[in-house]
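Structure first, then comments.
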Amino acid sequence: MAVAVKGNTYGLYIDGEYGVPRDAKTLPVINPATGEEWATIVDASAADVDAAVRAAQRAFEGAWGATTPGARARLMHKLADAIEARASELAEIEVRDNGKLLREMGAQLKAIPGWYRYFAGLADKIEGETIPMERPTLFNFTLREPLGVVGFVTPWNSPLLILAFTAAPALAAGNCIVLKPSEFASVSSLEFAKCFEAAGFPKGVFNVVTGSGAVAGDALTRHAGVARIAFTGSAATGARVAAAAAGHYASVGLELGGKSPHIVFADANLDAAIPGLLSGIFAAGGQTCIAGSRALVQREIYDEVQRRLLERTRSIKIGDPFLAETEMGPMANEPQLKKVESYVEVAKSDGARLVTGGGRPSTAALQRGYFFEPTIFADVRNEMRIAREEVFGPILSIIPFSDEAEALRIANDTMYGLGSGIWTSDIGRAIRMARGIKAGTVWVNTYRAISYQMPFGGYKASGIGRENGIEAIRDYTQTKSVWIETEPVAGDPFAIKV
Ligand code: NAD
C-alpha cells in the first residue's frame, strides 16, 4: 500500500502514523531518468522535527525501552523478513527516486535484510564487564546502555543501504531513530517505514522527517533531545553537522566523500583490472562515495590500459535504469548533472586530455533525463582540480606512475581517505601498499565490495568512525561504571580514593 496521504504528497512518518502537517510546504520528487515530477514530499519544519524527536523519546522511555534484547532481536528478524517481502517494490522506488539501475538497487535491497539479521544476532551480546580492582573489597562492573534517540541524515545515492549501516546497530542496542533522508530521494525511506509496522515494532521507534538540509536537517542535528548524529553526505555538510552536534554534546559518526585511488601495477591481471577500474567509476554513474575516480596506472602499461578502458567505455549502454541491459542511468538530480558538466571544463582548462565522453548523450530518448556520458581524462596530474575534488559522477582521471613509492605518494596526496584499490599479482607488494595507503578500505584485486561484517569508514576528510562489523554497535551504547564497596569504612573525606 502506498503511503501518499494527500493527493500524491507523501506524509511524514511520526509515531507510527503518516501525516501531512497543516500548512505544510512541499518539495517535488523528480524521476531523473525522465525529468518528470511523480510525487511530492513534505518540506518539514523545525516543529515537525521536534514532534518526531519527542515521539522517539516517548518510545524510548516506554515500550521500546522495556523490550528485552531477545525481543529486540526477534523484531529485527521480522523487519528483515518484511524488507525481503517488499524488496522488489522498494528497489523500484529507489530507481524512480535516484535513477540508479534496477540491477544495482535490486542487489542492494536483496542484501539489506542481512544487515538487520547480523546486528539482531548481537542484540543479546552487548555485555558489560566485571573489573578486577586493586582493593579486594570493591566489586566493580560496567553496564552498556543505549544512548536514547539517535538522528540519521542520509544522502540520495543509496538511501536504504546507507540507512541499514546505522539503523541496524542502533536498533540492536535499543535506541530509537529519527531519519532525515535526502530531499532528492526520500520516498523509499517513507515506504521502508511500513516494514517496521509489518514487523510489529512499537510506535515511535522509527520516524522519518523529509525536507531540506537547511531546515529539517539542521533542526535534527541541533536538537538537544538527540544523543548521536550519524551523517552520510559531503565533507562540507559533514563539518557543519559536526559543529551543530557539538552544540548539544551529541556524539557524531561521519561518512563523507572520497577521491579514491585505484592503482594498477604492470604485473596485474588486466582481464580483471579493467572491469575493476570500470566498476569503480562508472557503476552507479560514479555517484558513490567509494568511486575510484583516480586511476593510477604504471607507465609500462599506461597505453594498453587506456586503450582497453576506452574500448569498453565506448560500449557502455546508457539509458532507462529499469531495463536489464542498461549499464549506466542518469545523474540523480539536476544540480548533480550541472556539477558533473562543470568539471569537464575545469579539467580541460587545467590541461587534462579528454579521451572520451565529456557531455550529455545525443540520443533523442535521453534528452529529458539527467544523463551524462562516461568520461575519461588522461595525462592528469594529481595537482589538477579534477584529481583533488570529489565530482561524484562518471569522470575518471588517469594518472601515470613509475614505482611503488610514487604510487603511494600520489595515492595519499589527497584530503580524502575512504576507498582504494590495488591490482597486482605480487602479494608482498599488495601488503606493502595496503599498509601504506591512508584510507579506511583497501581492496586488492577487487573493488566496490561491502559487507555488514567489515568495518567501513574514512581517514582524514572522509569521515569519523566506522560503520559495519561487530564494533559498530559500541557507538550506539554508552558505558556506565558501577563501584560497590562490600565493606564500607569511614575513610578520609578530604582525599580522593585512588
Ligand atoms: P549532501 O551533503 O549535500 O547532503 C547529505 C544530507 O545532508 C541530505 O539529507 C541533506 O539534506 C542534508 N543536509 C544538507 N545540509 C545540511 C545541514 N546544514 N544540516 C543537516 N543536514 C544537512 O550530500 P549529497 O549530495 O546528498 O550526497 C553526496 C555526498 O555523500 C558525496 O560527497 C558522497 O561522497 C557522500 N557519501 C558518502 C558515503 C559514505 O559512506 N562515506 C556514502 C554515500 C555518499
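Scanning the stretch 185-220 for residues that are among the hydroxyl-bearing types (S, T, Y) and either closer than 13 Å to E17 by Cβ or open to solvent by less than 10 Å² (accessible area, probe 1.4 Å) (or both) turns up S186, S188, S189, T210. Residues in the stretch 25-58 that are in a loop (DSSP other than H, G, I, E, B) and at pLDDT below 95: none.
If we keep just the residues of the stretch 108-148 that are among the aliphatic types (A, V, I, L, M) and within 16 Å of the ligand (Cβ to nearest atom), which is farthest from the chain's Cα centre (by Cα)? The residue in question is A111. Checked against (1) in contact (Cβ under 8 Å) with a residue 24 or more places away in the chain; (2) crowded, with 18+ Cβ neighbours inside 10 Å, T34 meets all criteria but (2).
Name the residues in the stretch 221-241 that are within 16 Å of the chain's Cα centre (by Cα), open to solvent by less than 60 Å² (accessible area, probe 1.4 Å) and either more than 17 Å from I473 (Cα to Cα) or near the ligand (Cβ under 6 Å from one of its atoms) (or both), would you? Scanning the stretch 221-241 gives T232, G233, S234, A235, T237, G238, V241. Any residue that is open to solvent by less than 50 Å² (accessible area, probe 1.4 Å), in a helix (DSSP H, G or I) and within 24 Å of Y116 (Cβ to Cβ) - is there at least one of those in the stretch 8-16? No, the stretch 8-16 contains no residue that is open to solvent by less than 50 Å² (accessible area, probe 1.4 Å), in a helix (DSSP H, G or I) and within 24 Å of Y116 (Cβ to Cβ). Mind checking which residues of the stretch 273-296 are touching a Phe, Trp or Tyr at 6+ places or on another chain (Cβ under 7 Å) and more than 14 Å from the ligand (Cβ to nearest atom)? A273, G276, S279, L296 - these are the residues of the stretch 273-296 that are touching a Phe, Trp or Tyr at 6+ places or on another chain (Cβ under 7 Å) and more than 14 Å from the ligand (Cβ to nearest atom). Within the stretch 320-335, is there a residue that is open to solvent by 60 Å² or more (accessible area, probe 1.4 Å), in contact with a helix residue (DSSP H, G or I) (Cβ under 6 Å, 6 or more places away or on another chain) and at pLDDT 95 or above? Yes, because at least one residue in the stretch 320-335 is open to solvent by 60 Å² or more (accessible area, probe 1.4 Å), in contact with a helix residue (DSSP H, G or I) (Cβ under 6 Å, 6 or more places away or on another chain) and at pLDDT 95 or above. Set side by side, the residues A80, A71, A59 differ, and just one is open to solvent by less than 50 Å² (accessible area, probe 1.4 Å), of a type in the set (G, A, S) and touching a strand residue (DSSP E or B) at 6+ places or on another chain (Cβ under 7 Å), which is A59.
Contact annotation: residue pairs with Cβ atoms under 8 Å, 6 or more positions apart or on different chains, pairing a residue in the stretch 332-344 that is closer than 15 Å to S397 by Cα with a partner that is part of a helix (DSSP H, G or I) and aliphatic (A, V, I, L, M), are Y343/I386.
Among the criteria (1) open to solvent by 30 Å² or more (accessible area, probe 1.4 Å); (2) over 25 Å from G469 (Cβ atoms), the one P146 does not fulfil is (2).
For the stretch 185-205, does any single residue satisfy the condition of being in a strand (DSSP E or B), closer than 20 Å to A52 by Cα, modelled with pLDDT of 95 or more and within 14 Å of the ligand (Cβ to nearest atom)? Looking through the stretch 185-205, none of the residues is in a strand (DSSP E or B), closer than 20 Å to A52 by Cα, modelled with pLDDT of 95 or more and within 14 Å of the ligand (Cβ to nearest atom). Checking R22 against (1) among the basic types (K, R); (2) crowded, with 18+ Cβ neighbours inside 10 Å; (3) part of a loop (DSSP other than H, G, I, E, B), which test does it fail? Condition (2) is where R22 drops out.
Note on the stretch 171-184: among residues that are crowded, with 24+ Cβ neighbours inside 10 Å and farther than 23 Å from R474 by Cα, the one that is nearest to the ligand (Cβ to nearest atom) is S182.
Being within 11 Å of the ligand (Cβ to nearest atom), assigned to a loop (DSSP other than H, G, I, E, B) and in contact with a helix residue (DSSP H, G or I) (Cβ under 7 Å, 6 or more places away or on another chain) is the filter here; which residues of the stretch 440-469 pass it?
Restricting attention to the stretch 440-469, the residues satisfying the condition of being within 11 Å of the ligand (Cβ to nearest atom) are 440-441, 450, 456-458, 461-468.
Going one step further and asking which of them are assigned to a loop (DSSP other than H, G, I, E, B), we end up with 440-441, 450, 457-458, 465-466, 468.
Within the stretch 440-469, G440, G465, R466, N468 qualify.
For the stretch 190-213, the criterion of being more than 20 Å from C289 (Cα to Cα), without any contact (Cβ under 8 Å) to a residue 40 or more places away in the chain and in contact with a Gly (Cβ under 9 Å, 6 or more places away or on another chain) is met by none of the residues.
On inspection, R312 passes the criterion of being among the basic types (K, R), surrounded by fewer than 22 Cβ atoms within 10 Å (Cβ to Cβ) and touching a helix residue (DSSP H, G or I) at 6+ places or on another chain (Cβ under 7 Å).
Counting the residues of the stretch 469-498 that are open to solvent by less than 60 Å² (accessible area, probe 1.4 Å) and closer than 12 Å to L122 by Cβ gives 5.
Among the residues of the stretch 348-368, those identified as over 20 Å from I386 (Cβ atoms), open to solvent by 60 Å² or more (accessible area, probe 1.4 Å) and not β-branched (V, I, T) are S362, A364, A365, Q367, R368.
K259 falls short on exactly one of the conditions (1) of a type in the set (K, R); (2) without any contact (Cβ under 8 Å) to a residue 40 or more places away in the chain; (3) open to solvent by less than 30 Å² (accessible area, probe 1.4 Å), and that condition is (2). When we screen F371, F377 for residues that are open to solvent by less than 20 Å² (accessible area, probe 1.4 Å) and free of Cβ contacts under 8 Å to residues at least 40 places away in the same chain, the only hit is F377.
If we scan the stretch 352-371, do we find a residue that is touching a Gly at 6+ places or on another chain (Cβ under 6 Å), assigned by TED's automatic domain parsing to the domain that holds G393, outside any strand (DSSP E or B) and charged (D, E, K, R)? Yes: the stretch 352-371 contains one or more residues that are touching a Gly at 6+ places or on another chain (Cβ under 6 Å), assigned by TED's automatic domain parsing to the domain that holds G393, outside any strand (DSSP E or B) and charged (D, E, K, R).
The values are calculated or read from the model by the stated rules, or taken from the named source; none is laboratory data. All values derive from a computational prediction rather than experimental measurement. Note that each Cβ is placed from the backbone with ideal geometry, even for glycine, and that neighbours are counted across all protein chains shown. Ligands, DNA and RNA are excluded from the accessible area calculation, which covers all protein heavy atoms including side chains. Shrake-Rupley method; radii C 1.70, N 1.55, O 1.52, S 1.80 Å.
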